[in-house]
Structure formats: C-alpha cells, structure tokens
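Here the structure comes first, spelled out in structure tokens, and everything after it is commentary.
The values are calculated or read from the model by the stated rules, or taken from the named source; none is laboratory data. Keep in mind that what you see is a predicted model, and the values were worked out from it rather than measured. Every residue, glycine as well, gets a Cβ built from its backbone with ideal geometry; the counts of neighbours run over all protein chains shown.
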Amino acid sequence: MNTTFQGALQIDNSLSEIAANNSQIEALYNLGAAALNGSPTETFQVAAASGGPYAPQTLQVQNNSFNYGMDTGTLNAYVVALDPPITEYAPGLLVTFNPMTANTGSSTLNAGASAATIAMNGNNLEGGEIKANRSVMVQWDAGAANWHLVRSNGTFIVGPAQYQYQAPQWQQILAGNNAYWHEMGYALGTTYTNSSGKPISVSVYADVGASGFFQFYVNGTIVGISCQNGTGGPAYNGGNFTVPAGATYGATLAGTTTYTSLAWFDLY
C-alpha cells in the first residue's frame, strides 16, 4: 500500500494502525519529527504558515502576526506588511498597526492589497485621530470600500447627533470654545446665509434715535423685535438672535429710516 500524508497528523493509541509501503518504520521516517514519548496523542511540528490554506504555528497565533504589523509608510499614508501577506480585503477584516507618525488630515492604509481611505463614522479623518506609536485598530468596510477606525488614542469622530442621549458634533454646538465675535460690516435689509457649518449668534445695534427699533429674520420669519426707545434721543438700540447652520438671516429697521453707527457681529 502506498500512502501519502499531507499537513499535520496526530497518531492516536497505536502506531500499528499506520504503515507505508507495508512498513511501520518507513511510515515513522516519512512523518518526520514525531514526539515518541509514550503519550497516546503525539504532537508534530509544522512550518510557519505562508499563506491562507496552511496551518499556523502556535507562535504565529500568539504574536498576532496575521493581523498586526509596524507602519513603514509616510505621513498620512500608512503601510503595514502582515505575515502571511494579505492579497485582498475580506469584509470585516481587522488590522492593528503601530503608526510611525500622527495623522494631520485625511489618511490611508495599505495592508497588502492596496491603499484605502481610513474613515470614522462615515467621515474622513481630519487630523489628530491617530497618534504616533500608539496602537490603532481598523476594520474593512466592504460596502464603503474603506477602513473604519475602530480604536485609537486620538480624537474620536462622532456622527451627527439625532437624539438627546447622543454626543453632538462640534458643528452642531452653538459657537463653541474656539468661537469669537467677527465684525461683519453687514447692511440692514440684506439677506445673508450662515455658512459656518454650525449655529451662530448674531448681535446688531445702532443709534436709531427715539423711535427706531429692529426686527430680526431667520429664513424669512421674524424671530425677534427690539424694544422701541420712546421719546428723546439719540439712543442706541439692538439685540441678539441665533441662526441655525445653513439658514438665511438679516435685520431691518422699523419706526424710522434714520440710523448711524451700525454695528454687526457674528459669533462663530
């Protein structure tokens, strides 16, 4: 009988059950380094796996060389060589790597098959999400054909909040810690658009004399009216109102057409 063995083999109970060319001795010789210590289950050494169909060594599993590697790329273009190499990205594939540099903007990762964008919650990275020499985990999103940033030690990108217990994006927050008043030089009776990407606060005032007062508009609707000065003058009048992201806004003067020293500031 001619018998060929491929891959790992365990010999249970009795070696007399296995022979090659009618010889147990030749069978043991062909099997290679079997540990013959009297155990009912013998262990065989295997070579390091070099591709998908091959059995891995224990150390390859323990050190996670299949899914972990050191970055050898350039700024914002990370490159990781895994062992064995990856030739295509399967849905849900997890890759962990140690980046050499922090990202400063939109970034890519080439884990063997090709370079692809790293995104988080549907948004490209903006900078600071990846820290140098701090472990990063990404997962392949087959639908979007990009990497999704699962874990990092940098700034975490969140999607737009839609309900009360969800974290809002910076652009959804009125003004914010880095906001300051911008002198706009706008005119009364003109419609403007809030293109800042987040809600803003608007302040308008002027010397309108005794009878003048302001009306404030958002998307064509009056959202506020300042108090009329009453008798006497000159007198300053004005007010503040909030404009959602993307909305149009403006201010008009009622009670008089005369004014001086108009000031218009937007906080964003």
Selected residue [part of a loop (DSSP other than H, G, I, E, B), surrounded by 13 or more Cβ atoms within 10 Å (Cβ to Cβ) and modelled with pLDDT of 80 or more] from G112, G105, G69, G92: G112
Residue list for segment 206-224, filter: in contact (Cβ under 8 Å) with a residue 24 or more places away in the chain and under 15 Å from A254 (Cβ atoms): A206, V208, G209, A210, S211, G212, F213, F214, Q215, F216, Y217
